[in-house]
1. Cut-off 10 angstrom, C-alpha nodes, Gaussian network model of the chain. Which of Ile293, Ile64, Ile358 fluctuates the most?
2. If you restrict to DSSP beta bridges whose two residues both lie in the chain, what percentage is antiparallel, to the nearest 5?
3. Calculate for the chain the 222 nm mean residue ellipticity that helices alone would give, adding -39,500 (n - 2.57) per DSSP H run of length 4 or more and normalising by residue count, nearest 500 deg cm²/dmol.
4. In whole Å, what is the distance between the alpha-carbon centres of region 294-341 and region 45-59?
5. Relative to the Cα centre, what is the charge dipole magnitude of region 157-259, using +1 at the beta carbon of each Lys and Arg, -1 at the beta carbon of each Asp and Glu, and rounding to the nearest 20 debye?
6. Let me know the Kirkwood hydrodynamic radius for region 29-179, please, with Cα pairs as the basis and the value in Å to one decimal.
7. Is the C-alpha gyration tensor of region 235-379 telling us rounded, prolate or oblate? Criteria: a/c under 1.5 is rounded; beyond that, a/b larger than b/c is prolate, otherwise oblate.
8. What's the tally of Lys pairs in region 225-379 whose alpha-carbon atoms lie under 21 angstrom apart, where the two lysines are 8 or more places apart or on different chains?
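Every number in this text was worked out from the coordinates using simple rules, so none of it is lab data. Just so you know, these numbers come straight off a predicted model, no measurement behind them. No Cβ is skipped: glycine too gets one built from the backbone with ideal geometry, and neighbour counts run over all protein chains shown.
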Amino acid sequence: MIVKYWQIKDSEALELGKIKVGVIGVGNCFAGLVQGIEYYRRNPGEKVIGIMHELIGGYSIFDIDFVAAFDVAENKVGKPLHEAIYQPPNCVDWLPEVPKSDVIVKEAPILDGVGTYVEKMIKPIKQTKSDEELREEILREISDSGAEMLINYLPVGSERAVRYWAEIAIDARVGMINCMPVFIASDRGWAARFEAVGAPLIGDDVKGQVGATILNRVLAKLCDDRGTHIDQMYQINIGGNTDFANMLERSRLMSKKISKTESVQSQLSRRMDEGRIYVGPSDFLPFLGNTKICYINIKARMFANRPFEIECKLSVDDKANSAGVVIDAIRCLKLAIDRGVGGVLTSPSAYLMKRPPIQYSDAEAKALMEKYIAGEIER
Ligand SMILES: NC(=O)c1ccc[n+]([C@@H]2O[C@H](COP(=O)([O-])OP(=O)(O)OC[C@H]3O[C@@H](n4cnc5c(N)ncnc54)[C@H](O)[C@@H]3O)[C@@H](O)[C@H]2O)c1
């Protein structure tokens, strides 16, 4: 019998190639990802909390190699990765330093990446290269570094910049993980273009390990499954990092609100009236740093029309919340590359992302994800 390596169990690690990853946006999420992996490298006895399996298809969290990085901030471009992740306004400080890296952060086109509120916190580089020059430089960097996938961590509202990078991934024929809410994986046109070139895609908008969205989904589904009638529901979020500063600019928020609201609506057997549901970021309090506070309130009725109310508060490190999930996304995307599968990976997207092309309940999505990892389903 031929045993494919993705059928091998967690305890039977294989010698596999490193996963070569390029990153777009060296902000707090990426700083958390790098420092989190290093934290576990320094504490080998600790169980890694917040990933689905120690090994996915034979790959551990230590097989991830960041080989290329792109940003626009003057204090990050031109710096090696291990220094760039500590530049302000980044504020992840789980470790005082990480091992030296040879990877130098390269220039990206600014386009609509830097919003009005963030401009005071990030000084963008002066762009002197022509569009064509910059594009060629980026494609060369991807090719020379051997990056086989790009993780997109651009700020909310960077519609043009995200489309630029989706084009780059397609041209370079590399995979893409879209961690934010500009719709690529959930857009049929983009999904078809990735599939046509054989590049795998996971997206859109990463779901936290225990974040506001998944908590709200579970509570809403509980009320729905138990046959109650939900009259109104809101989820408000406050935080103190650049992500929250950027989201003060309401015009940048359109797709974020759709992504978060639809993620909750998708769990209900009957859609709520748009006027009775609010799911979104609400304010920026700089002293909170990477702590995100979420309040969920559900007003509903049960048997005999009797009202009841659920009030829930979550206080969480926003960056720890996404890093483990992205580690699983990276390993799932790598499996698709190894298996020669291009286009959207619908099962990992459903489990790991808020706005996948197909929504399932979180329990169904988890079961599909396991089947995908085991190689029982293609995507
Ligand atoms: N729990 C989470 O952290 C979570 C969950 C879901 C989605 N997200 C999304 O992930 C994204 C990244 O979050 P973050 O906290 O790291 O944000 P951040 O503001 O800390 O980092 C963004 C980085 O992008 C850079 N940048 C801006 N414009 C650019 C451009 N045109 N090209 C290249 N780089 C550019 C900035 O200089 C900065 O380094 C956000 O869109 C956020 O909403 C995060």
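1. Of Ile293, Ile64, Ile358, the most mobile in the Gaussian network model is Ile358.
2. About 45 percent, rounded to the nearest 5.
3. So the calculated ellipticity at 222 nm is -10500 deg cm²/dmol.
4. If we compute the Cα centre of each part, the gap is 19 Å.
5. For this selection, approximately 40 debye.
6. After inverting the mean inverse Cα-Cα distance, the result is 16.7 Å.
7. Oblate shape, in that a/c is at least 1.5 and b/c is the bigger or equal ratio.
8. Taking the Cα cut-off of 21 Å, the pair count is 26.
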